[in-house]
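Chemist: One structure follows; several queries about it will come next.
The values are calculated or read from the model by the stated rules, or taken from the named source; none is laboratory data. Since the model is a prediction, treat every value here as computed from it, not as a measurement. Positions of Cβ are backbone-derived with ideal geometry, glycine not excepted, and every protein chain shown enters the neighbour counts. Just so you know, the surface numbers come from the protein's heavy atoms only, side chains and all, with ligands and any DNA or RNA stripped out. Shrake-Rupley method; radii C 1.70, N 1.55, O 1.52, S 1.80 Å.
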Amino acid sequence: RIDDVGCGWGQFVMLLAWCGARALGYEYDAQRYPTACHFRETLIPKAPALRLAAFSRKRFPRRVVGFGTQNHLVVTTNIVTDLADQVEQRTVLGLRRYRYAVVNLDRFCRMRGPADRAGLIAQIEAAGMAHRGLFRDVGVDGQFHLFESRRRLFA
């Protein structure tokens with residue numbers, strides 16, 4: 001499964017489902033969440049694969065028993081929020097529940113520039129994720145980096 005934190009209207013989640021992946025989008029915003037659900041329900045008759053997509057209005061990370069996401073991937077594409085101070089540490093700690101994380105360093109809880117990337121990488125590594133390097137540079141829209149859990153559960 002692929003989880004998308006701050007999925008907005010759910011376009012990426014639905015694209016993943018359309019391609020055959022089980023995908024879960026986290027969206028806490030009171031307007032974007034129902035919009036994502038509405039788009040999914042409206043599109044299912046024409047694209048039944050969208051049944052593989054789901055949305056959660058719960059805060060990321062959800063409280064789970066054990067490590068049910070241990071073999072999953074989490075993606076953060078654009079989770080800029082005015083609540084960054086409250087959300088950032090919880091989100092970083094939530095990443096370590098996954099085997100892999102692809103993180104847009106420039107749009108992780110707040111807008112960042114190239115000078116801020118090393119600090120965020122260090123913060124994510126301190127939470128238990130190994131930095132595996134640049135995954136994709138998308139220019140002004142950010143830099144996606146790959147992280148892998150250091151937990152021995154995955155050996």
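Chemist: Which members of region 22-53 meet the condition of being free of Cβ contacts under 8 Å to residues at least 40 places away in the same chain, under 25 Å from Cys109 (Cβ atoms) and small (Gly, Ala, Ser)?
Modeler: Ala23, Gly25, Ala30, Ala36
Chemist: When region 136-155 is examined, which residues are found to be in a strand (DSSP E or B) and either without any contact (Cβ under 8 Å) to a residue 40 or more places away in the chain or among the charged types (D, E, K, R) (or both)?
Modeler: Restricting attention to region 136-155, the residues satisfying the condition of being in a strand (DSSP E or B) are 136-137, 143-149.
Answer for region 136-155, where residues must be in a strand (DSSP E or B) and either without any contact (Cβ under 8 Å) to a residue 40 or more places away in the chain or among the charged types (D, E, K, R) (or both): Arg136, Asp137, Gln143, Glu148.
Chemist: While we're here: Return the residues of region 75-120 that are crowded, with 21+ Cβ neighbours inside 10 Å, assigned to a strand (DSSP E or B) and among the aromatic types (Phe, Trp, Tyr); say none if nothing qualifies.
Modeler: Matches in region 75-120: Phe108 only.
Chemist: Pairs please, first residue from region 80-93 and closer than 10 Å to Ala127 by Cα, second anywhere and open to solvent by less than 60 Å² (accessible area, probe 1.4 Å) and part of a loop (DSSP other than H, G, I, E, B), Cβ atoms under 7 Å, 6+ apart in sequence or on different chains.
Modeler: Val92/Ala127; Leu93/Ala127
Chemist: Would you call Leu93 within 14 Å of the chain's Cα centre (by Cα) and at pLDDT 95 or above? First the steps, then the outcome.
Modeler: Working: within 14 Å of the chain's Cα centre (by Cα): yes; at pLDDT 95 or above: no.
So Leu93 does not fit the description; no.
Chemist: Just wondering, is there one or more residues in region 124-135 that are open to solvent by 10 Å² or more (accessible area, probe 1.4 Å), part of a helix (DSSP H, G or I) and more than 18 Å from Gly25 (Cα to Cα)?
Modeler: Yes, region 124-135 contains at least one residue that is open to solvent by 10 Å² or more (accessible area, probe 1.4 Å), part of a helix (DSSP H, G or I) and more than 18 Å from Gly25 (Cα to Cα).
Chemist: Which condition number does Cys109 fail, the rest of (1) closer than 23 Å to Arg32 by Cα; (2) modelled with pLDDT of 95 or more; (3) touching a helix residue (DSSP H, G or I) at 6+ places or on another chain (Cβ under 7 Å) being met?
Modeler: If we test Cys109 against (1) closer than 23 Å to Arg32 by Cα; (2) modelled with pLDDT of 95 or more; (3) touching a helix residue (DSSP H, G or I) at 6+ places or on another chain (Cβ under 7 Å), just (2) comes out false.
Chemist: Tell me, yes or no, whether region 34-44 has at least one residue that is at pLDDT 95 or above and assigned to a loop (DSSP other than H, G, I, E, B).
Modeler: We begin by selecting, within region 34-44, every residue at pLDDT 95 or above; these are 34-44.
Remaining after also requiring assigned to a loop (DSSP other than H, G, I, E, B): 44.
Scanning region 34-44 turns up at least one residue that is at pLDDT 95 or above and assigned to a loop (DSSP other than H, G, I, E, B).
Chemist: Of the residues Ala54, Ala21, only one is outside any loop (DSSP other than H, G, I, E, B), at negative phi and open to solvent by less than 80 Å² (accessible area, probe 1.4 Å); which? Give the steps one after another, and end with the answer.
Modeler: Values: Ala21 fails: outside any loop (DSSP other than H, G, I, E, B).
Sole residue among the options that is outside any loop (DSSP other than H, G, I, E, B), at negative phi and open to solvent by less than 80 Å² (accessible area, probe 1.4 Å): Ala54.
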